[in-house]
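Inspection log for the structure reproduced underneath, given as structure tokens.
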Amino acid sequence: MSGGEHRWWEDAVVYEVYPRSFADSDGDGIGDLPGLRSRLGYLADLGVDAIWLTPFYPSPLADGGYDVSDYRAVDPRLGTMGDFDALVKEAASHRIRVIVDLVPNHCSSDHPLFRAALAAAPGSRERSRFIFRGGRGHDGELPPNNWASSFGGPAWTRVPDGQWYLHIYDTGQPDWNWHDEDVLALFDDVIRFWLDRGAAGLRVDVAHGLFKHPGLPDDSGGSPHNAPSAFRHRPELQELYRSWRAILDSYPAEGFPGARTAVGEVWYDAPGTLAPYLEPGGLPQVFNFELIMARWHTAALRGAIDGVLALADGSRAPWVIGNHDVPRPASRYRLDEGFTPGMARRLESLGQQNAQLGAQRARAAALLLLALPGSAYIYQGEELGLPEVTDLPDDARQDPEFLRSGGRNLGRDGCRVPLPWTRTGQGFGFSAGTPWLPQPAGWGGYSAEAQSGDPGSFLSLYRAALRLRREHPALGRGALRWLDQSGVPGSLCFAREPGFVFAANADGAPFRLPPHREILLASGPVGDGGLPPGTAAWLSA
Ligand code: NOJ
């Protein structure tokens, strides 16, 4: 395919579904694939081009399904392979594509190959698929190196014969050894398995991980979090991604779902670290997390956007303001700071303070997200303006970030609370049973039902924005030109051709809108006094 052709994923709006929290069809309190299928009409009305499903594979749930025990099956609690096929088929009837999550850095400690490794002797073929080592210290009683688990505590667990195995995440998530040929072959098969079943693409978990420095040297601890290191951003990754790209490109670009994509989850210290991933011929896309990490401040937001645009536009590096790993935007924007792990605890301490401010900024952020060049991802519930739930009882929490930090880190359960569909009723329409995470008492006020007919609601804003985005020739792929509003503190304004202007007042005094013909959409009231702080508008020019 020539570079000039339009591939659907270059300007797609993709909706992230966390299946366990989306819709439950059988009353067991856990969202499932038939539940999701029953709500495809809602997603079609919203106007998304694709859905990304976080893991729905068999899993002991040490990490919300990112501990996979069978890469080629559906967790029976979530449905059957027949349900997956029916979902893909029915989604296609709405012209919605399905992206599945590929989890290649680690599996579950219940995976048959890891069980076989545990049963085998040190030095065996079975162990070489994972990263087993002897320990340090007199009797090997100390871990082989000083690496820490991303969830807290050491990245090593000792097994009865005295060896240790590496897990950059939870103990239940042993890291694969990507220098082993079997592992390469296994994942080639897994990729083909889902693409053959009609998946339009893959979201690649921990795409900056996978390869570890063979010497497993100690971490100096001196570099910024997510900087290149012995276990992040290794150069071997790019060859692997070129081989995956060849698999993706072996599927027909014509027809539906069209050219297959893969979007890497690459956390980075500075945008420049993304550069190797954006070389031609590698993964089609990598997320850019700039809007998640930038604080709510004009210069910070503009700097974040420019930092990505200097490397690629959003067609290769899609934009996001939230996902299932970070506090929800409507709550995050109550603070004037970008996302950092541990932020949920500070949100908890705010109580109800700044709740309205957060929601107002989240609406403005949504219009920014959807006006930037390229593709954008929306996490389920963002379109409802759901807040982070910070008061879940400790015994209901399931996130290893909470459990492994002894509660110091509140973890990510607060952005995974099952969606409210109806104003009232059991589970607010999510489930006829008891939802796997408790929903707050006021959840029904955020429900799709409560917001549907209300022109001032979050849901109406998202629906209108997605409709305009589809219709307006300037939106989606392309470029932006900053409009010089220098001297106007707080202004974040750019033009896109033909005839579109975005204007936001992040944090300054109200200012006059840039020259325009009409206001197409605004995140809040825009009166004669100008564009108030925390407000964005889409204008025709
Ligand atoms: C990123 C996923 O989004 C997150 O939920 C998970 O805990 C880690 N990767 C480990 O798989």
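Structure values in brief
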{"read-out": "The range 166-274: trypsin sites (Lys or Arg not before Pro) falling in loop per DSSP and having at most 14 other Cβ within 10 Å", "value": "Arg197"}
{"read-out": "By accessible area with a 1.4 Å probe, ligands and nucleic acids excluded, highest first: order of Ile247, Ile519", "value": "Ile519, Ile247"}
{"read-out": "Label-point separation, Asp391 to Asp70 (7 Å along Cα→Cβ), nm", "value": "4.2 nm"}
{"read-out": "Spin-label proximity, Ala148 to the range 206-248 - amide N less than 14 Å from point 7 Å beyond Cα toward beta carbon", "value": "219-227"}
{"read-out": "Separation in nanometres of the label points that stand 7 Å from Cα toward Cβ, at Ser460 and Arg481", "value": "3.5 nm"}
{"read-out": "Contour excess over end-to-end distance, with Cα ends at Asp110 and Ser220 and 0.36 nm allotted per residue", "value": "36.4 nm"}
{"read-out": "In degrees, nearest ten, helix 298-309 long axis to first principal axis of the chain (Cα)", "value": "60 degrees"}
{"read-out": "Accessible-area value, Glu337, 1.4 Å probe, nucleic acids and ligands omitted, Å²", "value": "60 Å²"}
{"read-out": "The range 478-540, relative contact order [Cα under 8 Å, separation at least 6], %", "value": "31 percent"}
{"read-out": "Computed accessible area, Asp75, all protein chains, 1.4 angstrom probe, square angstrom", "value": "0 Å²"}
{"read-out": "Dipole moment magnitude, nearest 20 debye, the chain about Cα centre, only Lys, Arg, Asp, Glu C-beta charged", "value": "900 debye"}
{"read-out": "Theoretical FRET efficiency, 1/(1+(r/R0)^6), r = Cβ-Cβ of Asp85 and Glu471, R0 30 Å, to 0.05", "value": "0.40"}
{"read-out": "Whether the range 478-540 is rounded, prolate or oblate, judged on the alpha carbon gyration tensor where a/c under 1.5 counts as rounded", "value": "oblate"}
{"read-out": "Three-way shape call for the range 112-166 based on the alpha-carbon gyration tensor, with the a/c threshold at 1.5", "value": "oblate"}
{"read-out": "For the range 307-405: rounded, prolate or oblate by the Cα gyration tensor [a/c cutoff 1.5]", "value": "prolate"}
{"read-out": "Between 0 and 90°, nearest 10: helix 81-93 axis offset from the chain longest Cα axis", "value": "20 degrees"}
{"read-out": "Normalised contact order of the range 354-454, rounded percent, pairs of Cα under 8 Å and 6 or more residues apart", "value": "21 percent"}
{"read-out": "Mean ellipticity per residue at 222 nm, deg cm²/dmol - from DSSP H runs of n ≥ 4 across the chain, formula -39500 (n - 2.57)", "value": "-7000 deg cm²/dmol"}
{"read-out": "Potential lengthening between Tyr42 and Ala119 on full extension [0.36 nm per residue; Cα-Cα distance subtracted]", "value": "22.9 nm"}
{"read-out": "Principal-axis tilt of helix 236-249 within the chain, Cα atoms, nearest 10 degrees", "value": "70 degrees"}
{"read-out": "Rounded Å value of the spacing that divides the Cα centres of the range 327-406 and the range 232-264", "value": "31 Å"}
{"read-out": "The chain: antiparallel DSSP beta bridges as a percent of all, rounded to 5", "value": "55 percent"}
{"read-out": "Glu497, Glu290, ranked by accessible area, largest first (probe 1.4 Å)", "value": "Glu497, Glu290"}
{"read-out": "Per residue, in Å², the accessible surface of the range 392-501 once ligands and nucleic acids are set aside, probe 1.4 Å", "value": "42 Å²"}
{"read-out": "Carbon/sulfur fraction of accessible area - the chain, other protein chains in place, 1.4 Å, %", "value": "52 percent"}
{"read-out": "Label-point gap, in nm, between Ala299 and Asp336 - each point 7 angstrom along Cα→Cβ", "value": "1.3 nm"}
{"read-out": "Length released on extending from Ala310 to Ala541, taking residue separation times 0.36 nm less the Cα-Cα span", "value": "80.6 nm"}
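The values are calculated or read from the model by the stated rules, or taken from the named source; none is laboratory data. All values reported here derive from a predicted model rather than from experimental measurement. Virtual Cβ from ideal backbone geometry, glycine too; neighbours counted across all protein chains shown. Heads up: the accessible areas ignore ligands, DNA and RNA and are worked out on the full protein's heavy atoms, side chains in. Shrake-Rupley method; radii C 1.70, N 1.55, O 1.52, S 1.80 Å.
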